[in-house]
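These notes are about the structure you will find just below.
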Number of protein chains: 2
Amino acid sequence: MNIGEAARVSGVSAKMIRYYEQNGLIPPAERTASGYRDYSTNDVHMLRFIRRSRDLGFSVAEINELLGLWRDRSRQSADVKRIALARIRDLRRKIEEMEQMAATLEHLAACCSGDNRPDCPILADLENPDDVDEPKRPRGAIN
Amino acid sequence: MNIGEAARVSGVSAKMIRYYEQNGLIPPAERTASGYRDYSTNDVHMLRFIRRSRDLGFSVAEINELLGLWRDRSRQSADVKRIALARIRDLRRKIEEMEQMAATLEHLAACCSGDNRPDCPILADLENPDDVDEPKRPRGAIN
DNA sequence: GATAGAGCTTCCCACCGTTGGAAGGTCAAG
DNA sequence: CTTGACCTTCCAACGGTGGGAAGCTCTATC
């Protein structure tokens with residue numbers, strides 16, 4: 001099937017399929033006589049695997065690793081679990097940092113009257129955080 | 001003061017200070033006779049403002065808006081609060097998505113024996129999500 | 001005053017994942 | 001045959017940051 005149809009049924013855009021091929025995440029597709037890429041149902045399986053992994057937030061490097069294990073019939077489930085657990089730790093850490101941000105902002109917003117007067121504790125904090133009463137805040141930005 | 005010293009006392013790297021200047025986030029710095037950038041304490045205030053805003057996860061575009069309000073003596077606190085609240089909503093949404101990812105992965109990892117046998121429900125799910133018992137999952141990747 | 005080393009300048013490149021677009025070839029339906 | 005949808009490759013951009021090269025300037029030491 002076409003790259004367009006493969007994209008439709010796999011949920012991975014044609015652009016990204018070419019990108020993944022170029023970066024060695026997936027092997028080069030077969031070509032028709034006219035140079036069109038040609039995909040099998042197995043290829044679509046692989047693309048769905050990638051799509052699902054991206055949905056779960058795995059990086060392309062991690063997906064590469066997962067694909068290797070997927071193809072390896074004799075893989076050990078511990079290897080897969082290790083990657084998944086590392087991803088969970090990463091998620092939990094990022095969530096914690098974002099929670100801190102949200103908590104700080106909520107505290108500031110709660111202190112801000114939000115009316116048409118110019119006084120604003122949010123700006124006051126941004127200007128000089130240590131002057132303002134607030135909870136502990138994280139160091140280092142996230143996104 | 002030097003860009004290096006401004007970077008040290010503001011917590012914004014010299015690289016980023018130049019980047020912010022180039023992108024119009026901050027006005028072009030004064031220059032010494034030899035062409036070095038020269039920063040006042042007020043500039044440092046502004047850089048700290050930016051640093052703090054980045055720490056709280058505001059985008060450069062949002063910081064631009066916040067800086068405008070910061071400089072505007074007659075701003076209304078409601079304008080600032082609006083941006084902060086939008087940022088909080090954004091954070092909460094992203095946190096929710098990442099929670100979903102983590103929950104799904106934890107469910108899968110809990111089902112995975114993690115030993116030296118090849119059977120792995122994590123890979124099984126990645127290959128064919130709907131076959132596997134699991135909680136609802138988000139659509140669309142985050143990071 | 002010479003010299004060394006740190007610090008400044010501008011410029012370009014890389015990352016990651018994704019999208020957009022241009023220029024040109026190919027397919028299928030009318 | 002024409003038209004429009006699809007494919008191909010290539011190049012660029014996004015945001016925010018870091019790395020590094022080539023060349024100039026400052027400061028401390030000799």
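Only the coordinates and a few stated rules stand behind these numbers; no lab work does. Note that the structure is predicted; figures quoted are calculated from it, not measured. Every residue, glycine among them, receives a Cβ derived from its backbone with ideal geometry; neighbour counts consider all protein chains shown.
Could you please let me know if residue A:37 is buried (at least 17 other Cβ atoms within 10 Å of the Cβ) and over 30 Å from residue B:99 (Cβ atoms)?
Here the answer is yes, as residue A:37 does meet what is asked.
In the range A:22-43, is there at least one residue being part of a helix (DSSP H, G or I) and near DNA strand D (Cβ under 9 Å from one of its atoms)?
Yes, because at least one residue in the range A:22-43 is part of a helix (DSSP H, G or I) and near DNA strand D (Cβ under 9 Å from one of its atoms).
Go through the residues of the range B:78-101 one by one and say whether even a single one is away from DNA strand C (no atom under 16 Å from the Cβ), in contact with a Gly (Cβ under 9 Å, 6 or more places away or on another chain) and farther than 30 Å from residue A:114 by Cβ.
No: zero hits.
Could you go through the range A:10-24 and let me know if any residue there is away from DNA strand C (no atom under 12 Å from the Cβ), within 14 Å of another protein chain (Cβ to nearest Cβ) and on the phi < 0 side of the Ramachandran plot. Write out each step before concluding.
Residues of the range A:10-24 that are away from DNA strand C (no atom under 12 Å from the Cβ), as a first pass: A:10.
When the remaining residues are screened for being within 14 Å of another protein chain (Cβ to nearest Cβ), the result is A:10.
So of that shortlist, the ones also on the phi < 0 side of the Ramachandran plot come out as A:10.
Looking for residues that are away from DNA strand C (no atom under 12 Å from the Cβ), within 14 Å of another protein chain (Cβ to nearest Cβ) and on the phi < 0 side of the Ramachandran plot, one finds at least one in the range A:10-24, hence yes.
Name the residue that is nearest to the other protein chains (Cβ to nearest Cβ), counting only residues in the range B:53-81 that are under 20 Å from the mean Cα position of the chain (by Cα), part of a helix (DSSP H, G or I) and among the polar types (S, T, N, Q).
Only one residue fits best here, namely B:53.
What single numbered condition from (1) surrounded by 14 or more Cβ atoms within 10 Å (Cβ to Cβ); (2) outside any loop (DSSP other than H, G, I, E, B); (3) within 12 Å of DNA strand D (Cβ to nearest atom) fails to hold for residue B:12?
Single failed check for residue B:12: (2).
Under 7 Å between Cβ atoms, which residue pairs at least 6 apart in sequence (or on different chains) link something in the range A:25-49 that is over 26 Å from residue B:129 (Cβ atoms) with a partner that is within 14 Å of DNA strand C (Cβ to nearest atom) and of a type in the set (D, E, K, R)?
Pairs found: A:28/A:21; A:30/A:38; A:31/A:37; A:31/A:38; A:32/A:38.
With (1) more than 14 Å from DNA strand D (Cβ to nearest atom); (2) more than 14 Å from chain A (Cβ to nearest Cβ) as the list, and residue B:46 as the residue in question, which single condition is left unmet?
Of the numbered conditions (1) more than 14 Å from DNA strand D (Cβ to nearest atom); (2) more than 14 Å from chain A (Cβ to nearest Cβ), the odd one out for residue B:46 is (2).
Inside the range B:27-38, can you point out the residues that are closer than 22 Å to residue B:65 by Cα and within 13 Å of DNA strand C (Cβ to nearest atom)?
B:28, B:29
Does the range B:49-67 contain any residue that is within 16 Å of DNA strand C (Cβ to nearest atom), farther than 30 Å from residue A:73 by Cβ and among the hydroxyl-bearing types (Ser, Thr, Tyr)?
Yes - at least one qualifying residue is present in the range B:49-67.
Taking the range B:84-95 only, how many residues are surrounded by 17 or more Cβ atoms within 10 Å (Cβ to Cβ) and more than 7 Å from chain A (Cβ to nearest Cβ)?
1
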